[in-house]
1. Select from the range 53-64 the residues that are charged (D, E, K, R) and under 14 Å from the mean Cα position of the chain (by Cα) and write down the one among them that is farthest from C16 (Cα to Cα).
2. Being surrounded by 12 or more Cβ atoms within 10 Å (Cβ to Cβ) and outside any loop (DSSP other than H, G, I, E, B): is that true of S37 here?
3. Taking the stated definitions as given, is D50 within 11 Å of the chain's Cα centre (by Cα) and either within 26 Å of E78 (Cβ to Cβ) or buried (at least 17 other Cβ atoms within 10 Å of the Cβ) (or both)?
4. For the range 87-98, enumerate the residues that are part of a helix (DSSP H, G or I) and surrounded by 12 or more Cβ atoms within 10 Å (Cβ to Cβ).
5. Can you tell me which residue among H72, H84 is under 17 Å from K43 (Cα atoms), modelled with pLDDT under 90 and surrounded by 11 or more Cβ atoms within 10 Å (Cβ to Cβ)?
6. So which of L38, L26 is more than 17 Å from K105 (Cα to Cα) and modelled with pLDDT of 95 or more?
7. Given the criteria without any contact (Cβ under 8 Å) to a residue 24 or more places away in the chain, assigned to a helix (DSSP H, G or I), surrounded by 12 or more Cβ atoms within 10 Å (Cβ to Cβ) and of a type outside the set (A, V, I, L, M, F, W, C), does N20 qualify?
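The values are calculated or read from the model by the stated rules, or taken from the named source; none is laboratory data. Only a predicted model underlies this, so the values are computations on that prediction, with no experimental measurement involved. We place every Cβ from the backbone using ideal geometry, glycine too, and count neighbours over all the protein chains shown.
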Amino acid sequence: MKSKVDIKWNSGAVVCALHNALAGTLATIAEDLKDKSLAETPKESGELRDSCKVDVSNMDNLQVRVSYDAQHAVVQHEKTELKHHNGGKAKFLEDPFNKNVKRYKQMIADSVGEVRR
């Protein structure tokens with residue numbers, strides 16, 4: 001006797017669930033990176049710290065951005081020889097990202113794993 005099994009794959013629902021899970025995780029990661037970066041940002045006038053933004057406007061493409069748009073942001077970030085007497089340091093965005101990249105990758109993997117279950 002022959003048996004027949006039909007399996008229906010609802011790829012649209014799976015893709016949507018993955019996208020939603022990843023979007024939420026990426027937004028969480030971006031906010032976490034912002035917080036960690038602000039803790040290392042030079043504190044001279046507050047202008048640099050106040051210019052830190054999280055942009056989630058391109059979530060359709062699963063892209064987030066943490067940035068500083070103060071005029072002197074690039075100089076403060078890149079010039080490691082500058083002294084910051086009121087606290088903070090150069091590489092205030094890059095270093096927190098590099099310190100946390102493994103955790104961020106795990107957060108992304110976990111969000112995909114949750115959809116699988």
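1. K53
2. yes
3. no
4. Those that are part of a helix (DSSP H, G or I) and surrounded by 12 or more Cβ atoms within 10 Å (Cβ to Cβ): E94, D95, P96, F97.
5. On inspection, the qualifying residue turns out to be H84.
6. Of L38, L26, the one residue that is more than 17 Å from K105 (Cα to Cα) and modelled with pLDDT of 95 or more is L38.
7. Yes: the conditions hold for N20.
Residue-wise test of (1) out of contact with any strand residue (DSSP E or B) (no Cβ under 7 Å at 6 or more places or on another chain); (2) surrounded by 12 or more Cβ atoms within 10 Å (Cβ to Cβ).
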position: S11; (1), (2): yes, no
position: G24; (1), (2): yes, yes
position: L33; (1), (2): no, yes
position: E44; (1), (2): yes, yes
position: M59; (1), (2): yes, yes
